[in-house]
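Written out below as structure tokens is the structure these notes cover.
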Amino acid sequence: MGPQALASFQRWLAARRPAAAALRCAPLLGEGCSINDFEPGLELPLPPIPTLVDVELLRQSVEMHQLSRIFMHTQLTRLVLVDAGLRRLPPGLSALSRLQQLNVSRNRGLTKGFGHLPRLVALTCLDLSKTGLNAVPAALAGMPQLLELRLGGNLLRSGWERLAGLGRLSLLEMPCWHSHEDRNLPDQLPAVLSRLTALRRLDCAFNSAGRGGWQHLPTGLTSLDIYRTGWLQQLPPVLGRMPNLASLEIGWWRQLATGPGTLACLPTTLTQLMLADCNLRAVPPDLARLTGLQSLSLGSNPFSRSNEVMAGGWEHLPGGRLTHLSLSTSKLPRLPAELARCTALCSLDLGRCTLQRQEGWQALAALGRLTRLNLQAVGLACLPSSLSCLSSLADLDASNNPLGRASGAGGWDHLAALPLTRLDLAACELEQLPAAVGTLTALRSLDIAANNITAGFEALASLQQVTSLWLAGCLALPPELSHLSALKELDVNLSTALAHSDSWRHLKHLPSLRFVFAVLCGLQDRPEGLPPGAILFGIGT
């Protein structure tokens, strides 16, 4: 194919789907080009594009004649055919001798054609998740070069011994959603795991096999996910024999004991630990041993100080190196004062916590390194004064709080000195945009959707760096939008009042505006006033 034909093909692709977010076609004259998410009916040209190495098709039924065009590109190194309606792997796949990554996940009913896989001698990463498999395919036994294998979302009842020859496998994903409803599944972790000595990352979440077979876990693991796998009161002792384990997820172990010794078997090498939804009523004392922890999730636990035995245990938080802490959706009598000890925190997630009393917010004042804070739906009627001490805060989510009900100033002045680049005030019952928002001149993303704001929009005029703005459910587009010269993305979904509004004219002179989302606004035609280069989503909805 000559340069003119290649350029013509590229223009044709762009005409088929102009939205850059939906279609990416790298320059076809360069090296290593990609085609992503093309529409049904698209056929690659002949002769094959010599520089095409990456094809990705998502949620589109693919026909055999389309596949044959793809397989002519024998230089492909990556092929993604997710939810493409495949029922068998086609024979032409074996022609891709340079293919390194193959993803055919979410093709429900893909049960045939696996015999072509061993011919892909360069293949190192294979994704067969959510394909409806009930046994490990026999063909995998002939693929010793595999480094990564994903089998999640399949109810696998047999065939695990076929993985014994995968001596180089470093990643195995075998989560099995809803397996607790199928009594015919094995109740032991497969013995073949003990033979995968190169395995470093293992995901066996949602697996009924967690009732036994823990001794088969390879001791060289660095990452292990056993979320919703255990029915035990104690963690398996084999975890203590993993000297390199750095990341562990053990959420939804609701029978886990919470007293001393609960986490005694965990290696001190851990840097990431998830204990979400474990029915914890106190912070386990053994957490204090894990001084190397950098990320800790204790979300969805019913922490209580209702008696002397379950007094909270927050003093056991390993505060020294902890940079990420999540307590989201937990039940807390108040914000623990001991959070002030975690001075290295960069990210704190308190989203949707149930706070019996709006107390303890002064603990935030000691967290001067925080860059991200999630206060979504914690019942705030006023922003806490301690926010003004967070001199590094870049991302604040205060959505779904009744901040509009505040009888006084609402604490908005506490935001004035913050270097925020993202602010979420969606669904805060606001009728007026706080003037303090106008002082946040570093903002790039602002969400004030699902409010009843009719005043205060003059605060927008100083936000010259905002590139993304959410106004879903608004009554009109304010004139101050014309000052947002950097705006690239505007979301006004569900704003039915805009169907016949002339306020679209305020967008006319925004040179950077590329995407406008107006789903369920009642638009039947493109409104006058939109910049010609802006792509509008939602006409006819």
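General observations
- Residue in the range 483-499 that is open to solvent by 10 Å² or more (accessible area, probe 1.4 Å), over 23 Å from R444 (Cα atoms) and of a type in the set (D, E) present: no
- Checking each residue in the range 520-532 for being open to solvent by 10 Å² or more (accessible area, probe 1.4 Å) and within 30 Å of the chain's Cα centre (by Cα) picks out only L520.
- Checking E56 against (1) at pLDDT 55 or above; (2) in contact with a Phe, Trp or Tyr (Cβ under 7 Å, 6 or more places away or on another chain), the condition it does not meet: (2)
- Residues located in the range 367-401, provided they are among the charged types (D, E, K, R) and part of a loop (DSSP other than H, G, I, E, B): R369
- Any hit, the range 302-311, residues being touching a helix residue (DSSP H, G or I) at 6+ places or on another chain (Cβ under 8 Å), in contact (Cβ under 8 Å) with a residue 24 or more places away in the chain and under 26 Å from A377 (Cα atoms): no
- In the range 295-317, residue modelled with the lowest pLDDT [restricted to those that are in a loop (DSSP other than H, G, I, E, B), crowded, with 20+ Cβ neighbours inside 10 Å and touching a strand residue (DSSP E or B) at 6+ places or on another chain (Cβ under 8 Å)]: F303
- A436 vs. criteria touching a Phe, Trp or Tyr at 6+ places or on another chain (Cβ under 6 Å) and either open to solvent by 30 Å² or more (accessible area, probe 1.4 Å) or among the hydrophobic types (A, V, I, L, M, F, W, C) (or both): yes
- Test: residue in the range 472-482 that is open to solvent by less than 40 Å² (accessible area, probe 1.4 Å) and hydroxyl-bearing (S, T, Y): no
- Scan of the range 508-519 for residues that are within 17 Å of I539 (Cα to Cα) and open to solvent by less than 100 Å² (accessible area, probe 1.4 Å), ordered by number: F515, V516, F517, A518, V519
- Residues being touching a His at 6+ places or on another chain (Cβ under 7 Å) and not polar (S, T, N, Q) - total across the range 319-370: 1
- Of all residue pairs spaced 6 or more apart or on separate chains, those with beta-carbon atoms under 8 Å, a first member in the range 95-113 that is β-branched (V, I, T) and a second member that is in a loop (DSSP other than H, G, I, E, B) and open to solvent by less than 30 Å² (accessible area, probe 1.4 Å) are V104/A84; V104/L86; V104/L89; V104/L110; V104/L128; V104/T131; T111/T131; T111/L133.
- Test: G92 is outside any loop (DSSP other than H, G, I, E, B) and not hydroxyl-bearing (S, T, Y): yes
- Condition met for A288 (surrounded by fewer than 21 Cβ atoms within 10 Å (Cβ to Cβ) and either part of a loop (DSSP other than H, G, I, E, B) or out of contact with any Phe, Trp or Tyr (no Cβ under 6 Å at 6 or more places or on another chain) (or both)): yes
- For E458, the criteria (1) more than 20 Å from V492 (Cα to Cα); (2) surrounded by fewer than 21 Cβ atoms within 10 Å (Cβ to Cβ); (3) touching a Pro at 6+ places or on another chain (Cβ under 9 Å) hold in every case but one, which is (1).
- Just one of the numbered conditions (1) closer than 24 Å to S462 by Cβ; (2) buried (at least 17 other Cβ atoms within 10 Å of the Cβ); (3) not charged (D, E, K, R) is not true of P419: (2).
- No other residue among A276, A282 is modelled with pLDDT under 90, of a type in the set (G, A, S) and closer than 30 Å to R357 by Cα apart from A282.
- Cβ-Cβ distances below 6 Å connect the following pairs, each with a first residue in the range 259-282 that is on the phi > 0 side of the Ramachandran plot, a second residue that is at pLDDT 90 or above and assigned to a loop (DSSP other than H, G, I, E, B), and a separation of six or more residues or different chains: D277/S300.
- The set of residues in the range 225-256 being in a loop (DSSP other than H, G, I, E, B) and surrounded by fewer than 16 Cβ atoms within 10 Å (Cβ to Cβ) consists of W231, L232, Q233, Q234, P243, N244, R254, Q255.
- From the list L418, L380, L403, L423, the lone residue that is within 25 Å of V437 (Cβ to Cβ), in contact with a Cys (Cβ under 8 Å, 6 or more places away or on another chain), at pLDDT 90 or above and not hydroxyl-bearing (S, T, Y) is L403.
- Residues of the range 49-59 satisfying the condition of being touching a strand residue (DSSP E or B) at 6+ places or on another chain (Cβ under 9 Å) and outside any strand (DSSP E or B): I49, T51, R59
Residues checked against (1) assigned to a loop (DSSP other than H, G, I, E, B); (2) open to solvent by 10 Å² or more (accessible area, probe 1.4 Å):
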residue: P260; (1), (2): yes, yes
residue: L266; (1), (2): yes, no
residue: L270; (1), (2): yes, no
residue: L293; (1), (2): yes, no
residue: R321; (1), (2): yes, yes
residue: R334; (1), (2): yes, yes
residue: E338; (1), (2): no, yes
residue: G351; (1), (2): yes, no
residue: E359; (1), (2): yes, yes
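The values are calculated or read from the model by the stated rules, or taken from the named source; none is laboratory data. On a predicted model such as this, the values are computed, not experimentally measured, just so you know. Glycine also receives a Cβ, built like all others from the backbone with ideal geometry; neighbour counts cover every protein chain displayed. Note: areas computed on protein heavy atoms with side chains; ligands, DNA, RNA excluded. Shrake-Rupley method; radii C 1.70, N 1.55, O 1.52, S 1.80 Å.
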